[in-house]
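What follows is a short report on a single structure.
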Amino acid sequence: MSRRRESFAVQLNNQRSGPAGRRGSTYAQRLSLAEHVGTATDEVTAPFTSTFAPSEMRQLALVAHNHMKPAMKQFIETYSEILKKFRITGTQTTMKMCKSMWGEDDPAIHYGLTCTSGPLGGDAQIAALMCMEDLGGIIFFVDPLSAHPHQADIDSLLRLANCGNVIVCPNPASASSMMHTLRCALLKGERARGMIPSFFETLESPAVEEYKHAQAVALANVIKGKSPADPAPQAAEPPKEEKKELDTGKRAVSFGDDVVEVAPVEQGAKHTGPSISDTEVDRALMGQSMMFSNARLQALLNNDSDDDSDDDSDETGDVVAVPTAKVSKGLFGIKTKTATKSKTRMNMKKLGKSVRKMIIKD
């Protein structure tokens, strides 16, 4: 007999009654944890000499929402010994806090760019630094309980940081842990570039490669006149030469990369070659080339005077290019050319059937 699955409430109660390390619920446990945190903080904030100059690394951004600014101020005061080893950039208020604590005349401190306030475009300016490949990390104390008028800019900054695989610390706990990694990397020097690679090289999210491949396929499809959503070909095939006249005296009808041989139509002769479907003929007429004389096409179309503007014949009178009657909507989805789609489609079908009858005519 299978054991009945315990309810969520029972599972939660079992978790609470489990080992003490899962939940620091008692005062003594919280006090002990605070002592450990204090000891680790004293070790990481001790004075040291960095093996990298600030100019050798990309900028480190400090950003905090209004309700998180006191926490950011405390964070800067605590980890100044590490932060001063970087070129610090950030929004206007955060940069003022740094300069008030560190001074503006110290030659050992290299300040980065001072961006404007977040709602006025500061987050977008920091994102621009990332796109210009001069941002290695972001310490962004986000307020999760308040609405922000520039939420779109915040989302854009964090999304681009993920695209660029840049170090991001969205809260004090992650930022404090990152300080240990930064100090270790600055002490070890060249051997530790791999600990903070985004401060030295331009990285990418693993998803970027697949995105670039999809964009390349879409561009290739558009160039070929196909839909951007068409799948990529499985394997590249060598291009086929488009033949106009064959050695056997037969005519060739071109359907894109395919060439169909058509025997010449003679009076009283029956066609014994492969038949051509209406769909294949329509494909040939829709923007492709087809070797028929102007007079024969004009006889097949039998257009009225209103449709004369749709015919496009060259001066020699040998080939007629049938218009595709595509309606362009421009860059902004606005229709820029009017056409009667149903009438054009009827003409295409009529021409396709007539050409097929002429080819296979007894």
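Given their separation in residues at 0.36 nm each and the Cα-Cα distance between them, L12 and E35 gain 5.4 nm when the chain is fully extended. Here the accessible area is traced with a 1.4 Å probe on the protein chains. For region 108-154, carbon and sulfur cover 62 percent of it. Accessible area per residue for region 53-148 is 45 Å², calculated with a 1.4 Å probe on protein heavy atoms, without ligands, DNA or RNA. Given in Å, the Rg to one decimal and the Dmax to the nearest whole number for the Cα atoms of region 131-170 are 10.8, 32.
For the pair D42 and A216, the difference between a 0.36 nm per residue extended length and the Cα-Cα distance amounts to 57.5 nm. Orientation-averaged projection of region 32-119 equals 6.6 nm² [convex hull of Cα atoms, one quarter of hull surface area]. Of the peptides 203-216, 131-144, 78-91, 44-57, the order by per-residue mean of other Cβ atoms within 10 Å, starting with the highest, comes out as 78-91, 131-144, 44-57, 203-216. Normalised by residue number, the volume inside the convex hull of the Cα atoms of region 79-186 is 109 Å³ per residue.
Inter-label distance, A28 to T78: 2.6 nm, where each label sits 7 Å from its Cα along the C-beta direction.
The values are calculated or read from the model by the stated rules, or taken from the named source; none is laboratory data. Everything numeric in this text was worked out from a predicted model, so none of it was measured. Because the Cβ atoms are built from the backbone with ideal geometry, glycine has one as well, and the counts that use them run over all protein chains shown. Ligands, DNA and RNA are excluded from the accessible area calculation, which covers all protein heavy atoms including side chains. Shrake-Rupley method; radii C 1.70, N 1.55, O 1.52, S 1.80 Å.
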